[in-house]
Amino acid sequence: MTLRIIETARLRLRPFRLDNVDALHRLWTEPEVRRYLWDDDIITRERVQSLVNVSLKSFEDHGFGLWAVLPRESESVIGFCGFWFFHEPPKLELLYGISPAHWHKGLATEAARAMLNYGFTELSFDRIQASTDAANLASSKVMEKAGMSFWRREMTNGLDTVYFEISRADDMSKTPQGDNHAKD
């Protein structure tokens, strides 16, 4: 599978590379980002590098992993998105996040929609799910605006977690094509 750059109205998405480890580490250690992504743990640069290596292998083997989110006119990493295995037992889920400096502009929704489209058209997924801590209302809103529907709420790995999902058929009927400017 040949990986490509995905472009939206305002963003470019491309697989993370090893030369992005420092930018991703900075993003993942921002207090507002790590609060829900890493349960407020400050992860090491070495762990980020290891995860980027796992992502690169996942792209090679499966066509999915972590994508860098960049403004169309820049090489600055402002976020991340992709498909990743979460929880116990592991389940493949949509993942996304944007630097707090870029919140409230609809960019997380734009990146999530691009990943949903990639998952359905390039990876032939029939269904995509995502989850967040129940307290992370902003992430739940992104999933809804991206066209996903609430699926269930449960304790997962000791955390109150909400799950959203979308099927390929729902994606075709719910997600507005070309509308990449929804506000988060």
**Q.** Tally of residues being surrounded by fewer than 15 Cβ atoms within 10 Å (Cβ to Cβ) and closer than 21 Å to A169 by Cα across the stretch 128-143
**A.** 0
Q: Would you be able to tell me the number of residues in the stretch 108-124 that are surrounded by 19 or more Cβ atoms within 10 Å (Cβ to Cβ) and either touching a Lys or Arg at 6+ places or on another chain (Cβ under 7 Å) or charged (D, E, K, R) (or both)?
A: 4
Q. So which of V69, V48, V54 is surrounded by 19 or more Cβ atoms within 10 Å (Cβ to Cβ), out of contact with any strand residue (DSSP E or B) (no Cβ under 8 Å at 6 or more places or on another chain) and either at pLDDT 95 or above or not in a strand (DSSP E or B) (or both)?
A. V48
Q) How many residues are out of contact with any Gly (no Cβ under 9 Å at 6 or more places or on another chain) and either of a type outside the set (F, W, Y) or under 17 Å from A114 (Cα atoms) (or both) if we restrict to the stretch 53-91? A) 18
Q.
So, in the stretch 7-45, exactly how many residues are among the aromatic types (F, W, Y), touching a strand residue (DSSP E or B) at 6+ places or on another chain (Cβ under 8 Å) and surrounded by fewer than 17 Cβ atoms within 10 Å (Cβ to Cβ)?
A. 1
**Q.** Those residues of the stretch 64-120 which are of a type in the set (V, I, T) and within 18 Å of S167 (Cα to Cα), in sequence order
**A.** T109
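The values are calculated or read from the model by the stated rules, or taken from the named source; none is laboratory data. A quick note: this is a predicted structure, and the numbers were derived from the prediction, not measured. Please note: Cβ atoms are built from the backbone with ideal geometry, for glycine as well, and neighbour counts cover all protein chains shown.
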